[in-house]
Amino acid sequence: MQDYRININYAKALFMLAGDRGEQELVATDMRLVHQVSSQNRELNVIFRNPEIKMSKKAAIVRDLFAEHVSTTTLAFLDFVVHKNRSVNLRGISSSYLDLYRESHNIVLSELVTAEEVDQSITDLVSQTIARHTGKEVELITKTDPRIIGGFAMQFDNNIYDARLSNKLRKLRQQFEKNVYESKL
């Protein structure tokens with residue numbers, strides 16, 4: 001069961017532990033990896049949800065996946081989460097930790113979606129623009145979606161700027177469906 005309170009409470013505990021040990025940035029890097037793996041691996045989530053798979057097997061899977069790639073603090077925390085039968089919450093916990101880390105370090109998460117890959121100069125320009133607008137450091141995620149045909153969509157701090165060509169074509173199509181030249185008589 002995904003529960004916001006569980007996610008945030010475990011994330012706060014890890015955030016405080018990492019702060020005490022001076023490892024917040026290291027643990028944030030680890031949590032990005034945990035979030036990426038748990039978001040993209042459907043089979044892993046099925047295993048975590050399955051009550052018939054023993055906790056020791058789930059802990060072994062987590063250790064095999066992350067032992068070589070994360071710090072000892074993060075690995076101990078992941079082991080703790082699995083033994084508390086909260087492995088299904090790993091994605092939510094990692095996401096909540098990253099939110100706490102960004103908030104405490106004045107970082108805004110933003111997403112840029114384009115039809116094709118953009119070069120570094122464009123991403124730098126977008127990051128600088130968002131930083132000027134928000135007054136925060138920017139963590140920019142870029143994605144490509146050929147369905148948008150052209151233009152871009154940008155999201156940050158609950159703001160969305162939609163300059164997608166596909167969206168403009170959709171709006172134009174809607175306007176043409178209304179026959180404004182038809183007589184109202």
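Any read-out appearing in this document is the output of simple, stated calculations on the displayed coordinates, not a laboratory observation. All figures in this text were calculated on a predicted structure; none of them were measured in a lab. So basically every Cβ, Gly included, is an ideal-geometry build from the backbone, and we count neighbours across all protein chains shown.
Values for this structure:
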item: Mean Cα-pair separation over length for the range 4-103, i.e. relative contact order, pairs under 8 Å, 6 or more apart, %; result: 51 percent
item: Considering only the range 106-177, percent of DSSP beta bridges that pair antiparallel, nearest 5; result: 60 percent
item: Helix-only [θ]222 nm of the chain, DSSP H runs n ≥ 4, -39500 (n - 2.57) each, per residue, nearest 500; result: -19000 deg cm²/dmol
item: On Cα atoms only, tilt of 55-66 relative to the major axis of the chain in degrees; result: 60 degrees
item: Mean separation of Cα contacts under 8 Å, 6 or more apart, over the residue count of the chain: relative contact order %; result: 21 percent
item: Nearest-0.05 FRET efficiency for E117 and Y161, computed from C-beta distance (R0 22 Å); result: 0.65
item: Filter on K12/K136; K84/K136; K84/K143; K143/K178; K143/K168 - keep pairs with C-alpha separation over 27 Å; result: K84/K136; K84/K143; K143/K178
item: Net charge of neighbours whose Cβ lies under 13 Å from the Cβ of R32, counting Lys and Arg as +1 and Asp and Glu as -1; result: -2
item: Projected area averaged over orientations for the chain, convex hull of C-alpha atoms, nm²; result: 15.9 nm²
item: In degrees, nearest ten, helix 90-104 long axis to first principal axis of the chain (Cα); result: 70 degrees
item: Ordering of 159-165, 15-21, 26-32 by packing [mean C-beta count within 10 Å, highest first]; result: 26-32, 15-21, 159-165
item: The range 106-177 - percent relative contact order, Cα under 8 Å, separation 6 or more; result: 37 percent
